[in-house]
Amino acid sequence: MKIAIVCYPTFGGSGVVATELGLELARRGHEIHFITYSQPVRLALLNPNVHYHEVIVPEYPLFHFQPYELALSSKLVDMVKLHKIEVLHVHYAIPHAYAGYMAKQMLKDEGIDLPMVTTLHGTDITLVGNHPFYKPAVTFSINKSDYVTSVSQSLKDDTLKLFNIKNEIQVIPNFIELDKNKYDPTVPCSRSVMANDDERIITHISNFRKVKRIPDIIKIFYKIQKEIPAKLMMVGDGPEKEKAEKMCRKFGIQDKVIFFGNSNEIDRILCLTDLFLLPSETESFGLAALEAMACGVPVISSNSGGLPEVNLDGVSGYLSDVGEIGEMAENSTKSAAAAGIPI
């Protein structure tokens, strides 16, 4: 089958899942076409069944904001006709499902029927999509999709509560590839480059947006390092990073916190990790937590959104209410000191 996948090409969970899904489908013999504005960060074009098509948005001074949706829908039409695409899978209701619907209508005028699957990931629903300016377009895009999936039951419930949805929504949780060479907690790794033998390594991975509650992570770690020897690895980049760096200097823990920036070597980072922190305001799923768990790393997270569906309290880690810094620090210290909870 020939399948087109539209996603964000960034380090976020939706782009990672879309890329991994496409690569697995390609390994199974399907012809996969990624269509987006830059090559997805985890996409390796080493399979003859995998193709990448860049969406170029011509810049015109007339437009205050360049019309990416128009460029994407036109690119989809061209690629569907050129490569005989049979199915379109878009990740994020806006702008991708909206652009996908426009492409479907243009193709329909030429006698081409293109089924469209829309996967809802979270921000497109709970933050951006619920804004009055976007809500009608999001509702329309979801209802005009041929098949709709959600990455968690929590997100499905939010979608049905916030929008007038007539389509059925199927919950298909996010996933990772359990490659034994990549996710094997029994394989030793050299921790000495990051910490002393008696220090626990705490890790956070995200896009450093406000919803991730980055200041909470610094405050939690400040309490942890007062109780046990520890280092904090902050992996990723985003608007809250500078604030986090200033907080580390204010608390006098800058020598115990390492900022890495974005990384494609998540498996190597998690190999070094004793405990994973994810105290987000909300997460529709929490893919980074799942990746940590796959490496045998216990997770301390908020009890919000889809996180309770991923991180089972007392089994794979501990859950706390959003903002409960003291409780999260206590659970972190307990877990890190005991070298983690068996997964």
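A few notes on this one:
- Among the residues of the stretch 238-272, the ones that are surrounded by 15 or more Cβ atoms within 10 Å (Cβ to Cβ), closer than 24 Å to Asp197 by Cβ and among the acidic types (Asp, Glu) come to 1 in all.
- Search result, residues across the stretch 34-84 that are under 16 Å from Met102 (Cα atoms), in contact with a strand residue (DSSP E or B) (Cβ under 9 Å, 6 or more places away or on another chain) and part of a loop (DSSP other than H, G, I, E, B): Val55
- In the stretch 70-88, the residues that are surrounded by fewer than 19 Cβ atoms within 10 Å (Cβ to Cβ) and charged (D, E, K, R): Asp78, Lys81, Lys84, Glu86
- Residues of the stretch 107-137 that turn out to be assigned to a helix (DSSP H, G or I), buried (at least 17 other Cβ atoms within 10 Å of the Cβ) and in contact with a Leu (Cβ under 9 Å, 6 or more places away or on another chain), as a count: 3
- So Lys104, is it closer than 29 Å to Asn167 by Cβ and in contact (Cβ under 8 Å) with a residue 60 or more places away in the chain: no
- Residue within the stretch 117-127 that is of a type in the set (Ser, Thr, Tyr), over 21 Å from the mean Cα position of the chain (by Cα) and either outside the structural domain of Lys75 (by TED's automatic domain parsing) or at pLDDT below 95 (or both) present: no
- Test: residue in the stretch 139-157 that is out of contact with any strand residue (DSSP E or B) (no Cβ under 8 Å at 6 or more places or on another chain), crowded, with 17+ Cβ neighbours inside 10 Å and among the polar types (S, T, N, Q): yes
- Gly122 being touching a residue at least 24 places away in the same chain (Cβ under 8 Å) and on the phi > 0 side of the Ramachandran plot: yes
- Filtered residues of the stretch 158-175 (kept if within 28 Å of Glu291 (Cβ to Cβ), out of contact with any strand residue (DSSP E or B) (no Cβ under 6 Å at 6 or more places or on another chain) and surrounded by fewer than 17 Cβ atoms within 10 Å (Cβ to Cβ)): Pro173, Phe175
- Among (1) out of contact with any Phe, Trp or Tyr (no Cβ under 8 Å at 6 or more places or on another chain); (2) surrounded by fewer than 22 Cβ atoms within 10 Å (Cβ to Cβ); (3) modelled with pLDDT of 95 or more, the one test that Leu275 misses: (2)
- Residue within the stretch 216-233 that is assigned to a loop (DSSP other than H, G, I, E, B), out of contact with any Gly (no Cβ under 7 Å at 6 or more places or on another chain) and under 24 Å from Glu324 (Cα atoms) present: yes
- The C-beta contact set for the stretch 260-285 (first residue touching a residue at least 60 places away in the same chain (Cβ under 8 Å) and closer than 20 Å to Val41 by Cβ, second residue outside any loop (DSSP other than H, G, I, E, B) and among the charged types (D, E, K, R), distance under 7 angstrom, 6+ apart or interchain) comprises Ile266/Glu291; Leu270/Glu291.
- Per-region count, the stretch 243-284, residues closer than 15 Å to Ile201 by Cβ and assigned to a helix (DSSP H, G or I): 8
- Filter pass, Glu245 being out of contact with any helix residue (DSSP H, G or I) (no Cβ under 7 Å at 6 or more places or on another chain), modelled with pLDDT of 95 or more and either outside the structural domain of Glu330 (by TED's automatic domain parsing) or farther than 30 Å from Asp157 by Cβ (or both): yes
The values are calculated or read from the model by the stated rules, or taken from the named source; none is laboratory data. The model shown is predicted, which means the values in this text are computed figures rather than measured ones. Neighbour counts run over all protein chains shown; Cβ positions are idealised from the backbone, glycine included.
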